[in-house]
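Presented below is the structure to which this report refers.
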Amino acid sequence: MVKICCIGAGYVGGPTMAVIALKCPEIEVAVVDISVPRINAWNSEQLPIYEPGLDDVVKQCRGRNLFFSTDVERHVCEADIVFVSVNTPTKTRGLGAGKAADLTYWESAARMIADVSKSSKIVVEKSTVPVKTAEAIEKILSHNSKGINFQILSNPEFLAEGTAIEDLFKPDRVLIGGRETPEGAKAVKTLKDVYAHWVPEDRIICTNLWSAELSKLAANAFLAQRISSVNAMSALCEATGADVTEVSHAVGKDTRIGSKFLNASVGFGGSCFQKDILNLVYICECNGLPEVAHYWKQVILMNDYQKTRFVNRVVASMFNTVANKKVAILGFAFKKDTGDTRETPAIDVCKGLLGDKAQLSIYDPQVSEDQIRKDLSMNKFDWDHPAHLQPSSPTAIKQLSVVWDAYEATKDAHAVCILTEWDEFRNLDYQKMFDNMQKPAFVFDGRNVVDAEKLRNIGFIVYSIGKPLDAWLKDMPAVA
Ligand code: UDX
Ligand code: UDX
């Protein structure tokens, strides 16, 4: 019987291991983490992450062949395959600060694996890491191995939050990178056999280690690039009177381009896109490729521009000041169907509005007040350190309230900013909202979820990303 242990019970480790346990009943899967509250939550009725379908999968396997534990060393020692899915934050100081990945947690995981192992193991990179991390990890393992054989594989995860379970059940592909030696090939085969329980063989791609590592960074960079491209077009649409939704539709109909990931928005967020592109940029620079680095950097700069542009539009439309005006924020998560706020564009938009002294009233169906306050007081990149998972007393920001209802948030407000595309925002009673707001009443739709014409008929002044502007907005241009 194969035993699997996964270090890191986060958004990646938790759902991935739960699905492996479900699909491979004869394999024992232990998910371990240094965070006691996280493990306690995985063992409770209230899982630490919100993900449609996850509860059901966990309920079916927990206690049967799926276990959550803080006894990291014991489970690592007993396992045949060790997945590592710990944080890989962006470095905030020292060499490569603001760009390079900080591999502190990865390195200490590797040292611990070497320390506690008494039998040969396959060590699988599940966290996204810079290219050639496997080589460094291999060195740590082999220098401390006491004669034990470690095979390192790269098996990047492509699940997207909000659809993680679906993505894991039916992946477009599973990617496994390994050493091109007989032992490497054997390790690849072992992991392939795990996935082959439910993934068709032709969807399991085997490559060398570096291709697997780089493919993950490349996939995220390509996806983010599409969003920055359509967001760049959205600015031009607003300037010219074109409609970005129509442009996306027309462009996406070309089968060479495809229709997915062409929704203009207030900007992309999430734990991966920015971090992975920064990583890619840094790797290019280190390899003497400044032109390539510069090219990918633009994807992030365009995303920053889009968030700033949104804030400027809000402020400019409201007579160039939002000081002491109540502004309702609907949605704080980085996308719908998740409670995750890592790198959410809402953080930069809220900080921008707070900087202009607005009074914010925030509502998100899945994000807690504690989380929102923490996010708005945290320094850039600090979210990716395990310490932030521990309870702390969030800073009080006086200009801010967090409420549990969209109508409460918008009561007496001058403006509404929609920052996450939660389905419920499409069907709110906007007439009721309008009646209880200050006039003129504004809606700034950062996700193009509302029916702008319907809202205009109610009396709102409406801004939708990349759509022809209301006369009011044309008269109040944002000066960058
Ligand atoms: C993580 C990484 O953040 C990401 O870079 C990578 O691509 C995939 O793995 P995610 O699962 O979303 O993604 O992160 P997170 O929810 O923060 O989970 C990481 C977990 O590892 C945390 O629960 C943390 O407590 C744990 N951890 C971290 C350890 O158990 N040991 C450590 O030494 C460090
Ligand atoms: C992403 C990748 O999709 C996934 O393969 C990888 O494993 C991790 O990173 P995730 O960040 O969970 O997944 O969500 P994703 O659906 O990719 O959305 C990322 C951000 O882009 C969100 O803020 C989303 O709102 C935004 N987005 C997405 C757009 O603005 N427009 C789009 O058309 C699509």
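Quick check on D167: is it surrounded by 15 or more Cβ atoms within 10 Å (Cβ to Cβ), without any contact (Cβ under 8 Å) to a residue 40 or more places away in the chain and of a type outside the set (A, V, I, L, M, F, W, C)?
On the way: surrounded by 15 or more Cβ atoms within 10 Å (Cβ to Cβ): yes; without any contact (Cβ under 8 Å) to a residue 40 or more places away in the chain: yes; of a type outside the set (A, V, I, L, M, F, W, C): yes.
Spelling it out, D167 is indeed surrounded by 15 or more Cβ atoms within 10 Å (Cβ to Cβ), without any contact (Cβ under 8 Å) to a residue 40 or more places away in the chain and of a type outside the set (A, V, I, L, M, F, W, C).
Please go through the stretch 344-386 and pick out each residue that is within 16 Å of ligand 1 (Cβ to nearest atom) and open to solvent by less than 30 Å² (accessible area, probe 1.4 Å).
Correct list: T344, V367, D375, F381, W383, D384, P386.
Tell me, which residue of the stretch 143-172 that is within 16 Å of ligand 1 (Cβ to nearest atom) and acidic (D, E) is nearest to W106 (Cα to Cα)?
Going through the qualifying residues, I end up with E157.
Which of the numbered conditions does G288 fail, given that it passes all the others? Conditions: (1) under 29 Å from W472 (Cα atoms); (2) open to solvent by 30 Å² or more (accessible area, probe 1.4 Å); (3) of a type in the set (G, A, S).
Among (1) under 29 Å from W472 (Cα atoms); (2) open to solvent by 30 Å² or more (accessible area, probe 1.4 Å); (3) of a type in the set (G, A, S), G288 violates only (1).
Is it the case, given these coordinates, that R309 is out of contact with any strand residue (DSSP E or B) (no Cβ under 8 Å at 6 or more places or on another chain) and within 16 Å of ligand 1 (Cβ to nearest atom)?
Considered against the rule, which asks whether it is out of contact with any strand residue (DSSP E or B) (no Cβ under 8 Å at 6 or more places or on another chain) and within 16 Å of ligand 1 (Cβ to nearest atom), R309 comes out as no.
Select from the stretch 127-148 the residues that are crowded, with 17+ Cβ neighbours inside 10 Å and over 19 Å from E285 (Cα atoms) and list them in ascending order.
If the condition is that a residue be crowded, with 17+ Cβ neighbours inside 10 Å and over 19 Å from E285 (Cα atoms), then S127, A134, I137, E138, I140, L141 are the ones that fit.
What number of residues within the stretch 193-220 satisfy the criterion of being in a helix (DSSP H, G or I) and either without any contact (Cβ under 8 Å) to a residue 60 or more places away in the chain or not β-branched (V, I, T) (or both)?
Narrowing the stretch 193-220 to residues in a helix (DSSP H, G or I): 193-195, 201-203, 209-220.
Right, trim to either without any contact (Cβ under 8 Å) to a residue 60 or more places away in the chain or not β-branched (V, I, T) (or both) and you get 193, 195, 201-203, 209-220.
The qualifying residues number 17.
For the stretch 416-430, give me each residue that is surrounded by 13 or more Cβ atoms within 10 Å (Cβ to Cβ), over 24 Å from the mean Cα position of the chain (by Cα) and over 15 Å from A346 (Cα atoms).
Matches in the stretch 416-430: L428, Y430.
One residue is enough: does the stretch 251-267 have a residue meeting the conditions of a type outside the set (D, E, K, R), more than 16 Å from ligand 1 (Cβ to nearest atom), in a helix (DSSP H, G or I) and under 25 Å from D445 (Cβ atoms)?
So the first thing to find is which residues in the stretch 251-267 are of a type outside the set (D, E, K, R), and the list is 251-252, 255, 257-259, 261-267.
Still in the list and also more than 16 Å from ligand 1 (Cβ to nearest atom): 251-252, 255, 257-259, 261-267.
Right, trim to in a helix (DSSP H, G or I) and you get 251-252.
Next, from what is left, pick out any that are under 25 Å from D445 (Cβ atoms): 251-252.
Yes, the stretch 251-267 contains at least one residue that is of a type outside the set (D, E, K, R), more than 16 Å from ligand 1 (Cβ to nearest atom), in a helix (DSSP H, G or I) and under 25 Å from D445 (Cβ atoms).
Restricting to the stretch 286-338, give me the number of residues that are in contact with a helix residue (DSSP H, G or I) (Cβ under 9 Å, 6 or more places away or on another chain), at positive phi and at pLDDT 95 or above.
1
In this structure, does A396 turn out to be over 29 Å from S228 (Cβ atoms), part of a loop (DSSP other than H, G, I, E, B) and modelled with pLDDT under 95?
Values: over 29 Å from S228 (Cβ atoms): yes; part of a loop (DSSP other than H, G, I, E, B): yes; modelled with pLDDT under 95: yes.
Yes; evaluated as a whole, the condition is true for this residue.
Please pick out the residue among R64, R38 that is charged (D, E, K, R), open to solvent by 20 Å² or more (accessible area, probe 1.4 Å) and more than 10 Å from ligand 1 (Cβ to nearest atom). Let's see the steps before the verdict.
On the way: R38 fails: more than 10 Å from ligand 1 (Cβ to nearest atom).
Residue meeting the stated conditions: R64.
A quick yes/no check of all residues on (1) without any contact (Cβ under 8 Å) to a residue 60 or more places away in the chain; (2) closer than 20 Å to S154 by Cβ; (3) open to solvent by 10 Å² or more (accessible area, probe 1.4 Å):
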{"residue": "I7", "(1), (2), (3)": "no, yes, yes"}
{"residue": "Y11", "(1), (2), (3)": "no, yes, yes"}
{"residue": "M17", "(1), (2), (3)": "no, yes, no"}
{"residue": "E26", "(1), (2), (3)": "yes, no, yes"}
{"residue": "D33", "(1), (2), (3)": "yes, no, yes"}
{"residue": "L47", "(1), (2), (3)": "yes, no, yes"}
{"residue": "S69", "(1), (2), (3)": "yes, no, yes"}
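Only one of (1) open to solvent by 70 Å² or more (accessible area, probe 1.4 Å); (2) within 16 Å of ligand 1 (Cβ to nearest atom) is not met by G177, so which one is it?
(1)
Which of the numbered conditions does K336 fail, given that it passes all the others? Conditions: (1) over 23 Å from L95 (Cα atoms); (2) open to solvent by less than 40 Å² (accessible area, probe 1.4 Å); (3) within 16 Å of the chain's Cα centre (by Cα).
(2)
Looking at (1) touching a Cys at 6+ places or on another chain (Cβ under 9 Å); (2) farther than 27 Å from G98 by Cα, which one does V403 not meet, given that it meets all the others?
All conditions are met except number (1).
Exactly one condition in (1) touching a Lys or Arg at 6+ places or on another chain (Cβ under 6 Å); (2) open to solvent by 50 Å² or more (accessible area, probe 1.4 Å) is false for K118; which is it?
(1)
Under 6 Å by Cβ, and 6 or more places apart or on different chains, what pairs join a residue from the stretch 112-135 that is in the same structural domain as L175 (by the TED database) with one that is open to solvent by less than 10 Å² (accessible area, probe 1.4 Å) and among the aromatic types (F, W, Y)?
V124/F83; K126/F83
Quick check on the stretch 256-272. Is at least one of its residues within 16 Å of ligand 2 (Cβ to nearest atom), among the charged types (D, E, K, R) and open to solvent by 20 Å² or more (accessible area, probe 1.4 Å)?
The first filter runs over the stretch 256-272 and keeps only residues within 16 Å of ligand 2 (Cβ to nearest atom), leaving 257-272.
Going one step further and asking which of them are among the charged types (D, E, K, R), we end up with 260.
Adding the requirement that they be open to solvent by 20 Å² or more (accessible area, probe 1.4 Å) leaves 260.
Looking for residues that are within 16 Å of ligand 2 (Cβ to nearest atom), among the charged types (D, E, K, R) and open to solvent by 20 Å² or more (accessible area, probe 1.4 Å), one finds at least one in the stretch 256-272, hence yes.
Do we have any residue at all in the stretch 387-394 that's open to solvent by 50 Å² or more (accessible area, probe 1.4 Å), hydroxyl-bearing (S, T, Y) and within 16 Å of ligand 1 (Cβ to nearest atom)?
yes
The values are calculated or read from the model by the stated rules, or taken from the named source; none is laboratory data. Fair warning: this is a prediction, and the values are worked out from it, not measured in the lab. Heads up, the Cβs are rebuilt from the backbone with ideal geometry, glycines too, and the neighbour counts pull from every protein chain shown. Please note that ligands, DNA and RNA were not included when accessible areas were found on the heavy atoms of the full protein model with its side chains. Shrake-Rupley method; radii C 1.70, N 1.55, O 1.52, S 1.80 Å.
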